[in-house]
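The values are calculated or read from the model by the stated rules, or taken from the named source; none is laboratory data. Small disclaimer: the values here were computed from a predicted structure and weren't measured. Every residue, glycine among them, receives a Cβ derived from its backbone with ideal geometry; neighbour counts consider all protein chains shown. The area values use the complete protein model at the heavy-atom level, side chains included, leaving out ligands, DNA and RNA. Shrake-Rupley method; radii C 1.70, N 1.55, O 1.52, S 1.80 Å.
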Amino acid sequence: MRFWAAIVGLFFLVAGNLLEAPALAAGGNRVALVIGNSKYVYAPALPNPAGDARLMAEVLRKAGFNVIEGVDLDYAGMRDRLNKFTEASYEADTALIYYAGHGMQVNGKNYLIPVDAELTAPAHLKTRTIQIDELLGALPPDPAVGIVILDACRDNPLARTLAASLPKSRSTTAPGLAPIDVSGSEVGTGGVLIAFATDPGSVSYDGNGANSPYTTSLARHLAEPGVEIQSALTRVRGEVTAETDGRQRPWHNASLGREVFIGSQTPPPASAPQPSATETPAGPASTDARGWEIEQRVWDEASKRNTLAHYEAYLQQFPKGAFADLARLNIDQLKKPPIAVGDTPAVVANTESAASRSTTAAAPPAAAANPETDTGTELAESAIGLDRQEKIDLQERLLAIGYDLEADGDFGLKTRRAIGQWQEENKLPPTTFLTSKQYARLKLDTDDALKSYRAQRASEAEAKKPESATPQKTEKPQPAVRAKPRRDRQREAANPRPAPKSKAAGRKSGFRTCSGIDGTFEVPASQRCPLSGYAHY
């Protein structure tokens, strides 16, 4: 009897383990919506979002998600994918939304923009965009986990078009996206996490590769085995911050009730390095949750401040921490001397107080921004206020130094490519948009080349002129007609001469002209003129 009881107990134990294992490994029912919009009709095309979406869809499928995917979607297409996701994720344990493309904020609310959206009136926000609140509403309720990842903080020309039509007194637009508050009392064991490609109100970058810096790092860490999602996003923040020299800092906000793993919860086996006899342990083991939380906070503060003192403080506490290599890399970058333009050294204004100098003495001159190396955005370029003639002048300057484009006053794809190449060759961020300082530098560097270019064009036009000119006949001057004497004019007025008629005309009419004392008269051609000078009929 005891034998059979043991067998039954073992059966239930094994069955319970089999039921629990898939839930831990796969995380239950997982659904994802992935959208990437690149080919905009009323805005410049973006190079990376479509490829970013395909990369994230592949990562999430490998992690066990049922992915609903869409690339270059118009308004109807985005609405359709969102409805399908809402239905599919209703009973899901984990639901994730990833969007790459144009987005904008108006009055603190965020909107995602389909590829066919033309925003010229305030009402278009409701009829031609997808509000991010709708994405949050599509997530399943607690105890499920909802995740929204937005790589939509790019500089957006549609925002300026819309801003021109909005009432100035009550509607405002701003760069990037507005922060989203996900805190709430209803959160239980699930919750919501919102991740941005950069800090709220800031602009992210597409980068020079096939994918944006944010999505490249996200694909590397999001589904990393044994890495909780907030730890993964912290690593992403550190990498992107280092790659963009601090110009882009990813950000996330969460109200999660438990740890969330996109990849497998169990990390791959790895042998931990043994410390040498001379090394002193820096603190608790990496498996200590409290120690990891402290390390995250110290690193977040160091990456936010971006100074030598903060990175060195992190390394003192965590010499073998998860971000130690990145901290050393940032220290090396900060120690590099500032880049001088031409023969003029970079001058840093010293406005610090004595107290602040004592605490930041380790900060190198490179920490001061060089106006010429500031990142160019469309907003910065539009602030220059170039009219059509000035745009043609700028295009001619680029032509003069060897770039391929057309000087038509329209900054199209070729012009943008030329600006980006010029920026890259001059060690500037190749955003294809100019700042006022970069514009001034470009003009200064191309003055001589522009003069040669215009002189060559003028000589070519002069050489073509004789070939195209058509010779014109010179008309001979007509001889001046002298007026008749006054006596002759009076005689002609008193005795007007009859108009001469040709013989052919007289024969054709059948009459002959006769003269009499009263003037001329006509008689039939068959008759003779009367001798008396009168005609008798």
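Multiplying the residue separation of residue 403 and residue 531 by 0.36 nm and subtracting their alpha-carbon distance yields 36.0 nm.
Would you rank 514, 529 by solvent-accessible area, highest first, keeping every protein chain in place and using a 1.4 Å probe?
Numbers: 514 0, 529 55 Å².
These residues rank, largest area first, as 529, 514.
Converting the Cα gyration tensor eigenvalues of the stretch 377-472 into ellipsoid dimensions via √(5λ) gives semi-axes, longest first, of 30, 14, 12 Å. For the Cα trace of the stretch 41-100, dividing Rg by the Kirkwood Rh returns an Rg/Rh value of 0.99.
Computed from label points 7 Å out along Cα-Cβ, the spacing between residue 309 and residue 443 is 4.1 nm. The loop-placed trypsin sites (Lys or Arg not before Pro) in the stretch 221-267, going by DSSP, that have at most 13 neighbouring Cβ atoms within 10 Å of their Cβ come out as 258. Looking at the stretch 404-458, which trypsin sites (Lys or Arg not before Pro) are in a loop (DSSP not H, G, I, E or B) and have at most 16 other Cβ atoms within 10 Å? Counting only loop positions with at most 16 other Cβ atoms within 10 Å, the trypsin sites (Lys or Arg not before Pro) in the stretch 404-458 are 427. For residue 515, the accessible surface of its heavy atoms amounts to roughly 90 Å² (probe 1.4 Å, protein chains only, rounded to the nearest 10).
Given 0.36 nm per residue, what is the gain on full extension from residue 133 to residue 517 after removing their alpha carbon distance, in nm? Could you put the intermediate results ahead of the total?
Numbers: separation 384, 0.36 × 384 = 138.24 nm, distance 11.40 nm.
Additional length available on full extension: 126.8 nm.
Comparing 28, 56, 66 along the charge dipole axis of the stretch 25-88, the residue lying farthest to the positive side is 28, per the Cβ-charge model.
Phi angles of the stretch 510-523 translate, via the Karplus equation with coefficients 6.51, -1.76, 1.60 and θ = phi - 60°, into HN-Hα couplings of x, 10, 10, 9, 10, 10, x, 6, 9, x, 9, 8, 10, 10 Hz per residue; Gly and Pro are given as x. With a threshold of 28 Å on the Cα-Cα distance, the over-threshold entries among 62/320; 437/464; 391/427 are 62/320; 437/464.
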